[in-house]
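Notes for the one structure printed next.
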Amino acid sequence: MHPARVITTGRLVLRPVGFADLADLTALKADPRVFAVMLGGVRTPERTGEELAEEIRFWGQHGVGLWAVRARETGAFLGIAGVMERPDGLGLALRFALWPDMRGQGLAREAAGAVLRYAHDIARIPRIVAVAREDNFASRTVLGGIGMIECGRFTRDGHAMLVYESRAC
């Protein structure tokens with residue numbers, strides 16, 4: 001693994017997802033408390049495996065992708081954060097999802113902010129978007145807290161969705 005792809009923050013270590021993460025990813029993506037509101041919804045184990053292969057391939061093509069987020073002190077799997085292509089043509093998008101018991105500690109903001117800096121500064125991606133349901137105040141707070149600006153909206157499955165963006169300086 002290329003060392004520049006590992007991100008370390010005060011409390012977290014982010015490593016590109018790999019096959020060693022499959023069990024953790026399967027559990028996270030099958031949990032409706034985490035993935036019910038995500039694009040594509042809750043995943044089957046088979047779909048999670050397919051997505052992992054896609055995510056690894058994406059890393060090879062773009063030099064950026066999805067990271068497994070782990071606690072720096074214990075190595076415990078906390079969730080995921082990263083950048084992936086949106087299927088709706090909006091572009092490269094910031095994604096993050098942590099276990100529900102990790103919420104409210106600033107960990108999503110820490111992980112998402114680190115990913116955003118990497119995407120702009122290392123991967124040289126000039127524009128990153130993010131999408132959040134209008135009623136998902138926690139995600140919206142994270143996106144605003146890392147400097148992303150609301151720039152659009154659309155409706156998906158009857159829910160108002162907000163589009164945020166970050167542009168490299």
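In Å³ and rounded to a whole number, note down the convex hull volume per residue for the Cα atoms of the stretch 10-81.
Working: hull volume 6.8 nm³, N = 72.
Residue-normalised Cα hull volume stands at 95 Å³.
Which residue, 115, 93, 34, has the largest displacement toward the positive end of the dipole of the stretch 1-158 when charges sit on each Cβ (Lys, Arg +1; Asp, Glu -1)?
Result: 115.
Over the chain, what is the relative contact order in whole percent, taking alpha-carbon pairs under 8 Å and six or more residues apart?
Numbers: 280 pairs, mean separation 28.3, N = 169.
It comes to 17 percent, rounded to a whole number.
Tell me, 151, 169 in order of fewest to most beta-carbon neighbours within 10 Å?
On the way: 151 12, 169 6.
Placing the least packed residue first, the sequence is 169, 151.
Go through the stretch 68-169 and name the GluC sites (Glu not before Pro) that are in a DSSP coil and have 13 or fewer other Cβ atoms within 10 Å of their Cβ.
On the way: sites: 73, 85, 110, 134, 150, 165; in loops: 73, 134.
Passing both the DSSP loop test and the Cβ count: 73, 134.
According to a simple spin-label model (label point 7 Å from Cα along Cα-to-Cβ), what is the distance in nm between residue 15 and residue 150?
The modelled label-to-label distance comes out at 3.9 nm.
Grab the beta carbon distance between residue 103 and residue 50, set R0 = 30 Å, and tell me the FRET efficiency rounded to 0.05.
Details: r = 28 Å, r/R0 = 0.92.
E(calc), rounded to 0.05, equals 0.65.
Calculated from DSSP H runs of 4 or more alone, at -39500 (n - 2.57) each and per residue, what is the 222 nm mean residue ellipticity of the chain, nearest 500? It would help to have the intermediate numbers written out before the result.
Working: 5 runs with 55 residues, N = 169.
Taken over the chain, the calculation gives -10000 deg cm²/dmol.
List the trypsin sites (Lys or Arg not before Pro) within the stretch 22-85 that DSSP assigns to loop and that have no more than 15 neighbouring Cβ atoms inside 10 Å.
Values: sites: 29, 33, 43, 47, 57, 70, 72; in loops: 43, 72.
Sparse-neighbourhood loop trypsin sites (Lys or Arg not before Pro): 72.
Please rank 148, 84, 38, fewest neighbouring Cβ atoms within 10 Å first, as an exposure proxy.
On the way: 148 23, 84 18, 38 14.
The most exposed by this proxy come first: 38, 84, 148.
Gain in length, residue 42 to residue 157, computed as 0.36 nm per residue apart minus the alpha-carbon separation, to one decimal in nm? Could the numbers behind the result be given before it?
Working: separation 115, 0.36 × 115 = 41.40 nm, distance 1.50 nm.
Gain in length upon complete extension: 39.9 nm.
Which label marks the calculated value of Rg/Rh (Cα atoms, Kirkwood Rh), given the options (1) 0.94; (2) 0.92; (3) 1.04?
The value matching this structure is (2).
Please identify the trypsin sites (Lys or Arg not before Pro) of the stretch 109-169 that satisfy two criteria: DSSP loop assignment and at most 11 other Cβ atoms within 10 Å. Which are they? Walk me through the numbers before you get to the answer.
Details: sites: 109, 117, 124, 127, 133, 140, 153, 156, 167; in loops: 124.
Here the sparse-neighbourhood loop sites are 124.
Quick one: divide the alpha-carbon radius of gyration of the stretch 47-125 by 2.2 N^0.38 Å and tell me what you get. Don't skip to the answer; put the middle values down first.
Details: Rg = 12.9 Å, N = 79, 2.2 N^0.38 = 11.6 Å.
Compactness ratio reported: 1.11.
How far apart, in nanometres, would the label points at residue 74 and residue 90 be if each is projected 7 angstrom from Cα along the Cα-to-Cβ direction?
That separation, rounded to one decimal, is 3.3 nm.
We did not get these values from a lab; they are worked out from the coordinates using the rules stated. Predicted model only: the values in this text are computed from it and were never measured. Virtual Cβ from ideal backbone geometry, glycine too; neighbours counted across all protein chains shown.
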